[in-house]
1. Of everything in the range 1-19, what is at pLDDT below 90 and open to solvent by 90 Å² or more (accessible area, probe 1.4 Å)? Give them in sequence order.
2. Determine which single condition Gln22 fails, assuming it passes every other condition in (1) part of a helix (DSSP H, G or I); (2) buried (at least 16 other Cβ atoms within 10 Å of the Cβ); (3) without any contact (Cβ under 8 Å) to a residue 12 or more places away in the chain.
3. Only one of (1) open to solvent by less than 30 Å² (accessible area, probe 1.4 Å); (2) among the small types (Gly, Ala, Ser); (3) more than 21 Å from Asp11 (Cα to Cα) fails for Ala81. Which number is that?
4. Since Pro83 meets every condition but one in (1) at pLDDT 95 or above; (2) in contact with a Ser or Thr (Cβ under 9 Å, 6 or more places away or on another chain), which condition does it not meet?
5. Go through the range 30-56 and report how many residues are free of Cβ contacts under 8 Å to residues at least 40 places away in the same chain, closer than 16 Å to Glu9 by Cα and of a type in the set (A, V, I, L, M).
6. Looking at Pro47 and the list (1) surrounded by 13 or more Cβ atoms within 10 Å (Cβ to Cβ); (2) within 25 Å of Gly159 (Cα to Cα), which single condition is not satisfied?
7. Do you know which residues across the range 43-56 are within 17 Å of the chain's Cα centre (by Cα) and part of a loop (DSSP other than H, G, I, E, B)?
8. Scan the range 64-78 for residues that are within 18 Å of Thr40 (Cβ to Cβ) and either open to solvent by 20 Å² or more (accessible area, probe 1.4 Å) or in contact (Cβ under 8 Å) with a residue 60 or more places away in the chain (or both) and jot them down.
Amino acid sequence: MTDAASPVEDDHRMLTRIADYQFGAGAGEALFGESDLEITRSTSGRPRQVHVPAGRLVTYNTDGRFTLGVEGGRRIADALAGPAYRVVVGDDSEPFVREGRNVFAKFVQTVDPDVRPDDEVVVVHEDGDVLGVGRAELPASDMREFETGMAVFVRHGAGSDD
């Protein structure tokens, strides 16, 4: 007779697989490798948000994808080799993104060339500090070339409550 996995172990496995699929190999372990995860559930019992003492890691949406919290963004940035899922900005944008304001194309210094619209991205300062997390509004090539337009819809800035 084999032991069945506990619901928490099932959740951990499922969340890890989704993160690896969405962000690449190693992202699941980086996000959910701790044992002190707090998983909140929807009314249907499905995992909804994942928190650790440092803050929210992710929200698991009904479309089967994650939206990142600032702490989740920090873990992604630490775990994945640059420039994966990063949009880099300079001093001009730094205070605004920390407050949760959007990133405009003319301020993007570098970006992961594989970023597509609707991808979750981590906005980082040129020195590597995580400034915020959000959704790409443009493909990477347009972020680099355009002088106008919103590049990243910032959901949470590192200086705002997550």
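1. Those that are at pLDDT below 90 and open to solvent by 90 Å² or more (accessible area, probe 1.4 Å): Met1, Thr2, Asp3, Ala4, Pro7, Val8, Glu9.
2. Of the numbered conditions (1) part of a helix (DSSP H, G or I); (2) buried (at least 16 other Cβ atoms within 10 Å of the Cβ); (3) without any contact (Cβ under 8 Å) to a residue 12 or more places away in the chain, the odd one out for Gln22 is (3).
3. Of the numbered conditions (1) open to solvent by less than 30 Å² (accessible area, probe 1.4 Å); (2) among the small types (Gly, Ala, Ser); (3) more than 21 Å from Asp11 (Cα to Cα), the odd one out for Ala81 is (1).
4. So the condition that Pro83 fails would be (1).
5. 3
6. (2)
7. Ala54
8. Hits for the range 64-78 are Gly64, Arg65, Thr67, Leu68, Gly69, Val70, Glu71, Gly72.
The values are calculated or read from the model by the stated rules, or taken from the named source; none is laboratory data. Nothing here was measured: the structure is a model prediction, and the numbers come from that model. Here Cβ is always computed from backbone atoms with ideal geometry, including for glycine, and neighbour counts include all displayed protein chains. Side chains included, ligands, DNA and RNA excluded: accessible areas come from the protein's heavy atoms. Shrake-Rupley method; radii C 1.70, N 1.55, O 1.52, S 1.80 Å.
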